[in-house]
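See below for the structure under consideration.
Please treat every number below as a calculation from the coordinates, not as lab data. This structure is a prediction, so every number in the text was calculated from the model and none was measured. All Cβ positions, glycine included, derive from the backbone under ideal geometry; neighbour counts span all protein chains shown.
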Amino acid sequence: MDTGCAMEALAPKPFSPPSGDAPPAIDIRHVFRRNPGRRGKADAVFEDFSLRVGQGEVVGLFGPNGSGKTTLLNMVAGLLRPDAGEIVHAAPQRRVAYVFQDYKNSLFPWFSVETNILFPLAAAGMPVKMRRERLTRLRRTVDIPFGLDKYPYQLSGGQQQYVSVLRGLIGDPSVLLLDEPFSALDQASTAWLREVLRRAFAACRVSALMVSHDLAHFSDLAARVCVLSGRPARVAREILAPRRGRKRREDCPYAGIAQ
Amino acid sequence: MRHVRPLCLLLVLVVLWQAVALLGLVNPMFLPSPAEVWDKARHLSREGRFLGDVAATLWRALAGFGLAFCLGAPGGLVVGASEKLFACFELPIDYFRSIPPVVAFPLALLLFGIGEASRIAVVAFGCLPILLVTVAAGVRSGPRLRRDVARCMGAGRLRLFWSVIVPGALPSIFVGTRVALSMAVIIAVVTEMLVGARFGLGGRVTAAQIAYDTPELYCDIIVVGLAGLAINKLCAALQARVVHWE
C-alpha cells in the first residue's frame, strides 16, 4: 500500500497557481456573489473567492449540494454576473463551452449527431464549408466511435453526453465547463465516458472546469481538484492528482475523503 | 397481426347485430339488418351523387381547417414563445374556445351568405382556438434548457425559432391537427344539417331521416365515422414519419 503517497496527495496545499508564463485560461479574482434567497434575504454564495484554471488544465470542483458549484460555472460562462470581483478570460474572443448534466434536453433530438455537433458553428454564422473542415479536424483529433448520421436517441447515454462535449469542443473554446456530466449516467456509461473524455482532453489540450459530487469521477481526468466548503464557498483544500495507473475505486486518491 | 383483433371484434359486433335483426328483437324500422345496410351501401357507391356529398363535406372540413391551420399554427408558435404575448392572449383564446362554433353559424350566414364561405368560416372558427391552445402549450411545455443551450451557443432569435422552437413544437402541432380535424368534420356536417346545402353528408342525413330511410342513415353514419378514422390514421402515419424522435 502506498499510503504515504496517498496521504501526501491528500494533504491540504496552499493555493498555488500553475507556474509558467502563459496567463491562466480563467482567472477568478475575489468574486462576491449573493443569490436571492427566501423572503428577500440574499444568500451569500461567494465571498472573496479566487480560483485559476491554467492553459490546458482540467480543474475539478467538488463540494456539498448548494455550495455554489453551478453558480460558479454560470458566472464563468457569463450567464450570471458576480456582484463584485472579476473573472478574466485569457482569450475573451473565444466562446465558453458548457456541457450540462441533462444531456437528453441539451441535445436537439430532431437533428443528427453531426448537425448537433456543428450547431454552435452554424449559430455563429460560419459558412458550411468551414464547418465541414472543422468537423474533419475534430475527427482527426478525437475518436468518435459512432456514426455521425445517427440521431441522439439512437445512442447510449454516455455517447449522448460525449456528443454534447464534442459540440463544446468543436468551437475551440477558451474553456470547457462541465456541470455534473456523469450524474445522469449509469456506471458502465460513466466509465466509458471518462475514458473517452480523458483521451479527448489530452488530444485537444482544452482548459476545463468540471463539477461533480463524486470525487471518483475526477480521477484520471482532473489534474487538480478544489474541494469547496459550504456557504459562503471557499476552496477548503486542493488535491493534486497523482498520475494515472489506478484501476480500482479504493485506489482512487480521493476515495478516503468524507465530505 | 395487430389489426387482427380489432377486425375480430368488428366481426363479432356485426354478427350480433345480424342476430338481433333476424330475431326481430328491435323494430326493423329503427334497426335494419347489416345485410340491408350493406346492400344500400353498394347501391350508394354506384351513385355519383353520394360520392359528391362525401367530397363536399370533406372539402368544407379541410378548407376550414386549412384556413385555421395557416393562422393557428404560426400564431400558437409565436404566442407560446413569448411570455408577454401568452399573458395577453391566454384569456381571449380560452373565451373563444368556450363558444360552441355552431352558435356562430347564423351570424356567419348573415356575414358571408348562404354559400360555401359561411360554412368554411364556421369550421375555421371552431378549429382556430384548438390549434392556438395546443401549439402554444406545446411550445411552453418544451424543456427550457434546450432554448438556453441554443442561446448560450450564440443562436439568434430566428435560428432559435426555426431550429429549436418549431421542431420542439411539432408533436403538439400534430396533436392539435388531429383534434382540430375531427372537430372540422363535426362542424361541417352540422352546418349542412342546419341549412340545406345542395351537397353534403349533413343534408343527406336530414333527408334520410325525413324519408324514414334508416338503411341510408346507418350508411351515412358509418361513412362519416370511416372518413374521420381515415383522416386520423393518415395524420398519425405522417406524425410518425416527421416526429421520428418521439
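Numbers below:
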{"read-out": "Peptide B:144-155 - average C-beta neighbours from other chains (10 Å radius)", "value": "6"}
{"read-out": "Spherically averaged projected area in nm², based on the convex hull that wraps the Cα atoms of region B:29-120", "value": "9.7"}
{"read-out": "Rough spin-label spacing in nm, given labels placed 7 Å along Cα→Cβ, for residue B:26 and residue B:4", "value": "3.0"}
{"read-out": "Aspartates and glutamates whose Cα lies under 19 Å from that of residue B:84, excluding same-chain neighbours fewer than 8 positions away", "value": "B:94, B:148"}
{"read-out": "Relative contact order of chain B, pairs being alpha-carbon contacts under 8 Å that are 6 or more residues apart, as %", "value": "25"}
{"read-out": "By average C-beta atoms within 10 angstrom, highest first, the peptides A:72-84, A:156-168, B:106-118, B:47-59", "value": "A:156-168, A:72-84, B:47-59, B:106-118"}
{"read-out": "Ratio of Rg to Rh over region B:130-246 (Cα coordinates, Kirkwood Rh, two decimals)", "value": "1.21"}
{"read-out": "Viscosity 1.306 mPa s, 10 °C: Kirkwood-radius Stokes-Einstein D of the protein assembly as shown over Cα pairs, µm²/s", "value": "57"}
{"read-out": "Helix-only CD estimate at 222 nm, as mean residue ellipticity for chain B, using -39500 (n - 2.57) per DSSP H run (n ≥ 4)", "value": "-27000 deg cm²/dmol"}
{"read-out": "Inter-chain shielding of A:109-120 (mean C-beta neighbours from other protein chains, 10 Å cut-off)", "value": "3"}
{"read-out": "Coordinate range along principal axes, alpha carbons of chain B, Å, largest first", "value": "73, 52, 30"}
{"read-out": "Beta bridge orientation in the protein assembly as shown: antiparallel %, DSSP, nearest 5", "value": "50"}
{"read-out": "Value of relative contact order over region B:46-145, rounded to a whole percent, pairs C-alpha under 8 Å and six or more apart", "value": "45"}
{"read-out": "Span-like helix ranges in chain B, DSSP H, alpha carbon extent 27 angstrom or more, Kyte mean at least 0.5", "value": "B:4-23, B:48-81, B:116-141, B:166-194, B:214-242"}
{"read-out": "Dipole axis of the protein assembly as shown (+1 Lys, Arg; -1 Asp, Glu on Cβ), positive-most option in B:165, B:110, B:138", "value": "B:165"}
